[in-house]
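Okay, structure first, notes after.
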Amino acid sequence: MAAESSAAAGMRKAPSMEWRWVSAGEEEDDELEGRRGEGGPAAVGAAGRGGSFESEDEEDNVDYEDEDEEQREARQRLIRTVPSVDWFDVEGNEVSGAQQLEDPEEFDFGRTVFLALQTLAVVFGDIGISPLYTFDVMFNKYPILEEEDVLGALSLVLYTLILMPLVKYVLVVLWANDDGEGGIFAMYSLICRNAKVSLIPNQVQAQAEKRMSSFRLKLPTDELERSIKVKEKLESSLLMKKLLLGLVLFGTAMFISNGVITPAMSVLSAVSGLKVGIPKASQDVVVMISIALLIVLYSLQRYATSKIGFVVGPCLLIWFCCLGGIGICNLSRYGPAAFKAFNPLYIIYYFGRNPFQAWLSLGGCLLCVTGSEAIFSNLCHFPVRFVQSMFVLLVLPCLVLAYLGQAAFLIANQKTPEHIFFASIPRNAFWPVFLLANLAALIASRTMTIAIFQCLKQSISLGCFPRLKIVHTSRKFMAKIYIPVVNWFLLASCLGFILLFRSTSDVGNAYAIAEIGVMIMATIYVTIIMLLIWETNIIKVMSFLITFLSLELIFFSSALSSVGDGGWALLVFASGLLMIMFIWNYGTKLKYDSELKQKLSKDLMRKLGPNLGTMRAPGLGLVYSEIVTGVPAIFGHFLTALPAIHSIIVFVCVRNVPVPAVPQSERFLFQRVCSRGYHMFRCIARYGYKDKKQEHHNTFERLLIEGLEKFIQREAVELSLQSEDDVDSDEEPSTPGQIITAPNGSVYSLDAPLLVDFTPSVDSIPETPSCSTPQDPALDYTQNLELELAFIKQAKQSGAVYLIDNPIVKARKDSWFFKKLTINYFFAFLRNNCRRAIVSMSIPHSNLLQVRLTSYV
């Protein structure tokens, strides 16, 4: 990979292909579409752009002259399309270190046990705490009158557990991950990689192109044809693109709200057990203890992510065994009557006896599956098969036994509708179980907090949330992160919900709304993935959609009925988050589109000439820009505002790649901008998530110059190996001054004023032979190469200046009122208070030139 990355810096990679089946009638349209427009996919045939072909091998070509018109129209052809991407941008994400994260030899038996414990702690912590409060909230809405009421509620809980977490999430949704990343944003990213539906200014497309390059031939089927139609519908409809983005923003807002409610509900329910052990304990005591525990939890969150994270795994294992053990104990003590609930007819009896109250209790029933979305969101830590095995073999059986035991207790003690779990614990084991329940509640809260960190990390990378400081707490696992600002924001919000509601029933009402909102979004996105990517049979797709969407809408209607009882606070909270994400995405997209439109064209650079229309002063100018392609507009301002520009210009883009550390030899990638006489380069500075960017500026400059010199040397070798026929037709005409002639005949100018006046020392560069003397082309090219390297060395000795653009984004004067309000005030506030993209670079003020221009969008 290192060799490939190095080679790609000077020579463009062959583009990867995306293949699809189209009818013969559509081929001409595809060819025309491929030829017109900038940035659109162009069809590529066997001989070049714009063609189509039946097979790459001539032996497979078939003569179709004898076919009639119908057969010719029915025949399917394979068209391969080339996505319009910048392969220098693609290469910026490919690091040899990326291969080191998946080493199958590391997974021995000891590591398997370690992963099993970590899976319990990270993935299943939230769902494992649900037996504490599910029946409490359900029977708060539906009073227990007879045994059938308990059996009906238990049957509803059991089949909800089987359908939602097991069938939907564990067996289906987990496979909708994006290279191991889970969550609602991961599904949106997966869809965007397979169809051009993204409205997000995302510049990182390397992973998508890697998928395209790993091509597999697909035979034409009904599912493939349906997938193509769905793709075309999504790509051609702006309304569908906006709807997909709106749904993912709404789902993210509900998921973050769910993460705020989870600690409040879990800890408050666990501490409420104190009323069973100490009947005189008041609710105020419960609330104060809950607040104290949450403050301790979030204060240790950074260390719990990696330092003491291995401790919670055994604790959760003991907790699940405790749930199963208490259930078995209650079943043996009160009888096996609870097993009748496996008969789904008891659900019908449950609704038949009191339909309205049964419908209201559905919101409480939904609490038994809280944490289902966390299973998917925290998937990035573990393999899918491992999570599935742990849920089926341990988590689900223990949860079922826990609910069966509580139901057996309720059948014998129908007058105990509060704190059912703690009331069903044998007296001798009460206090150990109480302490363990509180510990499990804290672990469940930690699970959701980690899931929120992952979700926000994905949304930040896709430009849908303001940039925040992300701390990676593990060198081995990229997924273990900590976001300080979000951590304290979650603590404040969680404490606010506890102080506002003070009871598990009111918190549970808000909890149900958040959980079901995320589930509905997941169902919609998985359905699209089934049609577009998996190419699933339409009967299976419709069965999945109708079954789960109808159930979730019924649950959602029940949850909305409790808006006045506490759900309103969560909806207000989620609306605020949704507004922040919408404003940031809207403003970022307008800013990005504006920068793309204002880029300086290469034609303008050619007209300016190698001097760029100004003086070229000795030195190295590092222009920082978030745009990887082209010349940023701010450079034009530097040309007009500054009396001179540096002799060497490097456009630097800082790129974070998903590896722990990038080797120094692969830190920088270079590419020339215009011809060699301009001395302008594009550079991608790549950093892993554990690399320290606070490098001393001298170190950074030294590494950058070394990388630039290696790039020029490698480029020289590649050019010397080209044939005489490979002359660059776009080469700039030479101007008087120092001329370098390559062995292949290519002529390029080094006509910067600095180089014209620059006379390298005799010690560093050999004397140029006389023109009348026959020259060895290789020797002559070596001398010219040394001349350019000496030119770079002298520019480095003159010093480096960092040119940074920090624009002020404003709406145009003729914009409508809502746009002015959004951009000029809300987006400006978020932008001024978020983390800048290059803030982590340690740049001395003496070498820094920062410009704040007003950019109207």
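The values are calculated or read from the model by the stated rules, or taken from the named source; none is laboratory data. These numbers were taken from a predicted model, which means no experiment stands behind them. Backbone-built Cβ (ideal geometry, glycine too); neighbour counts: all protein chains shown. Just the protein is used for accessible areas: all its heavy atoms, side chains included, with ligands, DNA and RNA removed. Shrake-Rupley method; radii C 1.70, N 1.55, O 1.52, S 1.80 Å.
Here are a few things to note about the model shown:
- Residue, nearest to the chain's Cα centre (by Cα), within the stretch 400-419, restricted to residues that are over 23 Å from Phe351 (Cβ atoms) and surrounded by 24 or more Cβ atoms within 10 Å (Cβ to Cβ): Ala402
- Applying the condition of being surrounded by 17 or more Cβ atoms within 10 Å (Cβ to Cβ) and aromatic (Phe, Trp, Tyr) to the stretch 535-571 and asking which residue is farthest from Phe497 (Cα to Cα) yields Phe544.
- None of Val433, Val387, Val395 is touching a residue at least 60 places away in the same chain (Cβ under 8 Å), under 16 Å from Gly183 (Cα atoms) and crowded, with 19+ Cβ neighbours inside 10 Å except Val387.
- Under the condition of being buried (at least 24 other Cβ atoms within 10 Å of the Cβ) and more than 23 Å from Leu249 (Cα to Cα), the residues counted in the stretch 505-518 number 2.
- Considered as a group, the residues in the stretch 482-504 that are outside any helix (DSSP H, G or I) and touching a helix residue (DSSP H, G or I) at 6+ places or on another chain (Cβ under 6 Å) include one that is most open to solvent (accessible area, probe 1.4 Å), and that residue is Arg502.
- Of residues in the stretch 551-575 being closer than 18 Å to Glu373 by Cα and not charged (D, E, K, R), the one nearest to the chain's Cα centre (by Cα): Ala574
- Every test in (1) touching a helix residue (DSSP H, G or I) at 6+ places or on another chain (Cβ under 7 Å); (2) surrounded by 17 or more Cβ atoms within 10 Å (Cβ to Cβ); (3) modelled with pLDDT under 80; (4) over 23 Å from Phe465 (Cβ atoms) is passed by Asn847 save one, and that test is (2).
- Search result, residues across the stretch 652-691 that are at pLDDT 75 or above, assigned to a loop (DSSP other than H, G, I, E, B) and under 22 Å from Lys480 (Cα atoms): Val662, Pro663
- Checked against (1) at pLDDT 80 or above; (2) of a type outside the set (Gly, Ala, Ser); (3) open to solvent by 10 Å² or more (accessible area, probe 1.4 Å), Arg475 passes all but a single condition, namely (1).
- Residue list for the stretch 591-627, filter: among the acidic types (Asp, Glu), outside any loop (DSSP other than H, G, I, E, B) and either open to solvent by less than 40 Å² (accessible area, probe 1.4 Å) or in contact (Cβ under 8 Å) with a residue 24 or more places away in the chain (or both): Asp593, Glu595
- Of the candidates Leu247, Leu234, Leu243, the single residue that is open to solvent by 50 Å² or more (accessible area, probe 1.4 Å) and farther than 24 Å from Thr504 by Cβ is Leu243.
- Residue match in the stretch 184-194 (condition: over 30 Å from Ser461 (Cβ atoms), modelled with pLDDT of 85 or more and either among the charged types (D, E, K, R) or crowded, with 24+ Cβ neighbours inside 10 Å (or both)): no
Here's the yes/no breakdown for (1) β-branched (Val, Ile, Thr); (2) within 20 Å of Asp805 (Cα to Cα):
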| residue | (1), (2) |
| --- | --- |
| Ile580 | yes, no |
| Tyr586 | no, no |
| Leu590 | no, yes |
| Ser594 | no, yes |
| Asp603 | no, no |
| Asn611 | no, no |
| Gly619 | no, yes |
| Tyr624 | no, yes |
| Pro643 | no, yes |
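- Helices (runs of 4 or more DSSP H) fully within the stretch 325-417 counting 3 or more residues that are at pLDDT 90 or above and under 15 Å from Leu156 (Cα atoms): 345-353, 396-412
- Of all residues in the stretch 558-567 being assigned to a helix (DSSP H, G or I) and touching a residue at least 40 places away in the same chain (Cβ under 8 Å), the one that is nearest to Met254 (Cα to Cα): Gly567
- Some residue of the stretch 570-590 being small (Gly, Ala, Ser) and not in a helix (DSSP H, G or I): no
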